[in-house]
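First the structure, in the form of structure tokens, and then the observations on it.
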Amino acid sequence: MKFGLSLFDAFVTLLLLLVFPALLMMTRGGNAGFYLLLVCALVHVFLVRRHRIPFKDLMRRYWYVHLGMAALFIATVIGAGFNGFNSPKVFDEPSRLAVFPLMLWMLLSLSPRQVKVAQAGYVLGAIVGAVLIFVATKGGENRNNIHGAPIIVFSNIVLLLGMLSVATSTSSQSESWPWRLLRIVAALAGMYASYLSQARGSWIAIPFLGLFASYLWQPNKRYVTTVVAAVLLTGALVLAWSSPMVKSRFLQVETETASFRSGTDLDTSLGTRFQLWHGSMVLFTEHPLLGVGPGKFTAGLRELKERKIITPAAASGFYHSHNDVLFNMSTMGLLGLLAILMTYLAPAVLFWRYLRHEDACLRRYAGGGVMLVMGYVIFGLTDCFFWGLSYTFYCIAVATLAAPLIQSTLQQRAATRQGSARDAADSRPSGALANT
């Protein structure tokens, strides 16, 4: 039995190393990666008896995180119950967040050193993802989807992996310089992947994520953060000035906005996005409590087309509104708005509590978690980032960043209990004295 436990630990540790590049490399890797982890979690539940914390205690102490991660699934079930649903698939993606407690409980059975292997997974995933995007886009010549995933979602995940590679780095005394250099390469690979994707909304996030990651890299050296911020801003400006692709993408914003305002062309890339945002707000105001229903956004757009609120082009072929908040508001109403906000805020609260921890390594894990949520919020402003692969990624990434924090808390509580027990034993009268 002891051999079986160590073998299971070794397998899960290897999975942590490979899960992020595997999610990106496999066709529809979000599905395969999720079900593989779910099987491991169920094996852990039924076969592994070495738990650092009982499951009910984990649910009770961190109930707000589990509730926040399950919020979209709960909202989908309620919305589907009242409005109906077109396909059972509407439950699939949000269910990947709802099983977060099982993923976290499985990771808590490992040692902190084993969980730390996930950092190597961030680095490997960022580098592999950048190579995949370069091959699929032929160096940025086109914007093909990659292994069934939209290129914007794919590139944003690669960018986050690159930033997490830097953000979770420990001190230079405990890490070799080749490994720290590889972390920097991973961060650059993530930014290069974002560049190849031609996603303007993602480019906006790079200075914010880069600045926060650099602060976590050297939190006690403010000048380093200032220099990095200046380099990022200068690099972005130089790239925009020298790259015809970047320059043309930003010039399109000006011309397409002007065309939309004048009414000469409403169906440009940006004009269509404006229409989808407006249409989402119309659907929300007309169905404020529970929206039009999960999986019924396209049907709602067709209705708006008949009423001439949006153009036929904007109503055809779009399954989301290019904004996570507006999409959930239009399909699930106020319940959807509450659910998406909880999905952001619940893990952010957990991570925020550890940002001032005395342990620098834990502060970096917490900072990486805050940065992860920040990235999802920024990316979700201009696209529906919660889509397919990113559900699985969010569940796994939050778990790998939260597990070390919770492990440290459990260790502190165990040490406190042991200390209290020793103090109680020392203060207990001797047997001879007690019998007098």
Restrict the check to segment 383-390 and report whether at least one residue is of a type in the set (Asp, Glu), at pLDDT below 80 and over 15 Å from LEU108 (Cα atoms). no
By residue number, the members of segment 258-299 that are part of a helix (DSSP H, G or I), under 28 Å from the mean Cα position of the chain (by Cα) and closer than 25 Å to SER87 by Cα are LEU276, TRP277, GLY279, SER280, MET281, LEU283, PHE284, PHE297, THR298
Identity of the residue in segment 345-359, within 16 Å of the chain's Cα centre (by Cα) and in contact (Cβ under 8 Å) with a residue 40 or more places away in the chain, that ends up surrounded by the fewest Cβ atoms within 10 Å (Cβ to Cβ): VAL349
When every residue in segment 302-330 that is at pLDDT below 95 and polar (S, T, N, Q) is compared, the one surrounded by the fewest Cβ atoms within 10 Å (Cβ to Cβ) is SER316
Filter segment 72-92 down to the residues that are of a type in the set (Gly, Ala, Ser) and farther than 12 Å from ALA339 by Cα, then identify the one that is surrounded by the most Cβ atoms within 10 Å (Cβ to Cβ). ALA80
Please go through segment 365-413 and pick out each residue that is surrounded by 22 or more Cβ atoms within 10 Å (Cβ to Cβ), of a type in the set (Gly, Ala, Ser) and not in a helix (DSSP H, G or I). none
Condition set over 18 Å from LEU304 (Cα atoms) and of a type in the set (D, E, K, R), scope segment 246-293, selection surrounded by the most Cβ atoms within 10 Å (Cβ to Cβ): answer is GLU256
Just checking, does segment 300-309 include any residue being of a type outside the set (Asp, Glu) and closer than 25 Å to ILE378 by Cα? yes
For MET69, are the conditions met, namely being crowded, with 17+ Cβ neighbours inside 10 Å, part of a helix (DSSP H, G or I) and of a type in the set (A, V, I, L, M)? yes
With the structure loaded, tell me whether VAL158 is over 16 Å from the mean Cα position of the chain (by Cα), among the β-branched types (Val, Ile, Thr) and at pLDDT 90 or above or whether it fails that test. no
Can LEU362 be described as surrounded by fewer than 21 Cβ atoms within 10 Å (Cβ to Cβ), in contact with a helix residue (DSSP H, G or I) (Cβ under 9 Å, 6 or more places away or on another chain) and in contact (Cβ under 8 Å) with a residue 24 or more places away in the chain? yes
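The values are calculated or read from the model by the stated rules, or taken from the named source; none is laboratory data. Source: prediction; values computed, not measured. As a convention, Cβ positions derive from the backbone with ideal geometry for all residues, glycine included, and neighbour counts pool all protein chains shown.
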